[in-house]
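K.L.:
First the structure, which I've put down as structure tokens, then a few questions once you've had a look.
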Ligand code: MG
């Protein structure tokens with residue numbers, strides 16, 4: 001199933017994306033309710049079928065705690081920034097995943113305008129990622145059982161302020177946690193519909209130009225390993241979100257470097273899940289929810 005979140009008559013609601021349109025679920029506002037009470041996955045037949053272009057999209061999930069993230073999970077992405085990390089990372093590939101987090105207040109919808117934060121950063125950069133939503137928590141989860149803990153998958157963009165990542169010591173948290181720097185969506189695709197999370201095309205376009213394009217088959221640590229490693233001695237919770245790393249093609253590693261500017265249009269896509277359409281605006285106050293879209297895909 002493809003689950004989507006939107007405003008309907010002033011309330012946050014979830015819906016199912018079906019061929020004929022969007023079916024509104026009965027009295028459900030959050031994916032976590034469906035995770036804990038699957039019997040609530042019920043279409044409200046008294047409400048109309050909606051078209052995608054009618055929807056005021058909301059973030060598909062509202063995480064209760066920081067989003068877990070992974071650095072350097074595609075070989076070519078690790079290699080592209082060798083020598084450019086200014087002492088901020090290893091020169092050899094790590095043997096275990098590099099984990100960090102983003103604040104919950106970074107979350108935006110798949111069509112929200114994203115604030116540029118020009119008063120704080122001049123180096124805002126893109127990172128398209130496959131995001132995993134856990135349906136079952138646990139600790140010390142064996143790798144061969146880890147995918148059974150996944151409720152579904154969505155698309156994320158781990159928008160990053162490179163200058164703040166460096167300015168605040170060796171700790172990326174501040175540069176990864178500005179408001180509006182984690183669009184998520186447009187839908188959550190339930191895990192039963194993804195035969196292999198390590199066989200998905202993933203791409204990002206900025207103003208129509210492809211800047212990132214790879215396959216999750218090139219992840220250094222596959223989704224199951226990430227869940228297993230993260231859960232070692234540390235309890236994961238149903239509803240936790242894990243961003244699984246970005247492919248090569250980030251702006252900071254280009255020659256010369258390229259960073260986001262006011263008005264830039266970012267498309268973030270994972271095959272089979274969908275495409276986010278975000279635009280960058282100059283100041284936080286410019287961020288709006290005027291976000292009707294014509295398609296859940298890039299074309
Ligand atoms: Mg990232």
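The values are calculated or read from the model by the stated rules, or taken from the named source; none is laboratory data. Note that the structure is a prediction, hence the values are computed from the model and not measured. Heads up, the Cβs are rebuilt from the backbone with ideal geometry, glycines too, and the neighbour counts pull from every protein chain shown.
K.L.:
Filtering the stretch 148-162 down to residues that are crowded, with 16+ Cβ neighbours inside 10 Å and over 17 Å from residue 70 (Cα atoms), which residue is nearest to the ligand (Cβ to nearest atom)?
P.N.:
Taking the stretch 148-162 first, the residues crowded, with 16+ Cβ neighbours inside 10 Å are 149-162.
Narrowing the set further to residues that are over 17 Å from residue 70 (Cα atoms) leaves 149, 151-152.
Details: 149: 21, 151: 21, 152: 19 Å.
Among those that are crowded, with 16+ Cβ neighbours inside 10 Å and over 17 Å from residue 70 (Cα atoms), it is 152.
K.L.:
How about the stretch 90-120: which of its residues are away from the ligand (no atom under 16 Å from the Cβ) and crowded, with 18+ Cβ neighbours inside 10 Å?
P.N.:
Once the filter is applied, which keeps residues that are away from the ligand (no atom under 16 Å from the Cβ) and crowded, with 18+ Cβ neighbours inside 10 Å, the stretch 90-120 yields 109, 110, 111, 112, 113, 115, 116, 117.
K.L.:
What do you reckon, is residue 190 modelled with pLDDT of 95 or more and within 15 Å of the ligand (Cβ to nearest atom)?
P.N.:
Numbers: modelled with pLDDT of 95 or more: yes; within 15 Å of the ligand (Cβ to nearest atom): no.
For residue 190, the condition - modelled with pLDDT of 95 or more and within 15 Å of the ligand (Cβ to nearest atom) - is not met.
K.L.:
Here's another thing I want to ask about it. Can residue 155 be described as part of a loop (DSSP other than H, G, I, E, B), under 21 Å from the mean Cα position of the chain (by Cα), in contact (Cβ under 8 Å) with a residue 24 or more places away in the chain and closer than 26 Å to residue 257 by Cα? Show your work before the answer.
P.N.:
Working: part of a loop (DSSP other than H, G, I, E, B): no; under 21 Å from the mean Cα position of the chain (by Cα): yes; in contact (Cβ under 8 Å) with a residue 24 or more places away in the chain: yes; closer than 26 Å to residue 257 by Cα: yes.
No.
K.L.:
Kindly provide the set of residues from the stretch 56-78 that are within 16 Å of the ligand (Cβ to nearest atom) and either at pLDDT 95 or above or assigned to a helix (DSSP H, G or I) (or both), ordered by number.
P.N.:
Taking the stretch 56-78 as the starting set, the residues that turn out to be within 16 Å of the ligand (Cβ to nearest atom) are 63, 66-78.
Across the stretch 56-78, the qualifying residues are 63, 66, 67, 68, 69, 70, 73, 74, 75, 76, 77, 78.
K.L.:
A follow-up question, please. Considering the stretch 171-187 alone, what residues qualify as being surrounded by fewer than 20 Cβ atoms within 10 Å (Cβ to Cβ) and either at pLDDT 95 or above or within 16 Å of the ligand (Cβ to nearest atom) (or both)?
P.N.:
Going through the stretch 171-187, the residues surrounded by fewer than 20 Cβ atoms within 10 Å (Cβ to Cβ) turn out to be 171, 173-174, 179.
Within the stretch 171-187, 171, 173, 174 meet the criteria.
K.L.:
Please work out if residue 53 is surrounded by fewer than 19 Cβ atoms within 10 Å (Cβ to Cβ) and not assigned by TED's automatic domain parsing to the domain that holds residue 184.
P.N.:
yes
K.L.:
Can you report the number of residues in the stretch 194-253 which are within 16 Å of the ligand (Cβ to nearest atom) and on the phi > 0 side of the Ramachandran plot?
P.N.:
2
K.L.:
Something else about it: For the stretch 30-50, does any single residue satisfy the condition of being assigned by TED's automatic domain parsing to the domain that holds residue 239, assigned to a helix (DSSP H, G or I) and surrounded by 14 or more Cβ atoms within 10 Å (Cβ to Cβ)?
P.N.:
Filtering the stretch 30-50 down to residues assigned by TED's automatic domain parsing to the domain that holds residue 239 leaves none.
Taking every residue of the stretch 30-50 in turn, none turns out to be assigned by TED's automatic domain parsing to the domain that holds residue 239, assigned to a helix (DSSP H, G or I) and surrounded by 14 or more Cβ atoms within 10 Å (Cβ to Cβ).
K.L.:
Just to verify a result, which residue in the stretch 254-266, among those that are in contact with a helix residue (DSSP H, G or I) (Cβ under 8 Å, 6 or more places away or on another chain) and away from the ligand (no atom under 16 Å from the Cβ), is farthest from residue 152 (Cα to Cα)?
P.N.:
Across the stretch 254-266, the extreme among qualifying residues is 257.
K.L.:
So which residues in the stretch 14-24 are in contact with a strand residue (DSSP E or B) (Cβ under 9 Å, 6 or more places away or on another chain) and closer than 18 Å to residue 274 by Cβ, if there are any at all? If you could, list the steps in order and put the result at the bottom.
P.N.:
Within the stretch 14-24, the subset in contact with a strand residue (DSSP E or B) (Cβ under 9 Å, 6 or more places away or on another chain) is 14-18, 21-24.
Selection gives 14, 15, 16, 17, 18, 21, 22, 23.
K.L.:
Filtering the stretch 122-132 down to residues that are over 12 Å from the mean Cα position of the chain (by Cα) and within 16 Å of the ligand (Cβ to nearest atom), which residue is nearest to residue 251 (Cα to Cα)?
P.N.:
Step by step, filter the stretch 122-132, then rank; the result is 125.
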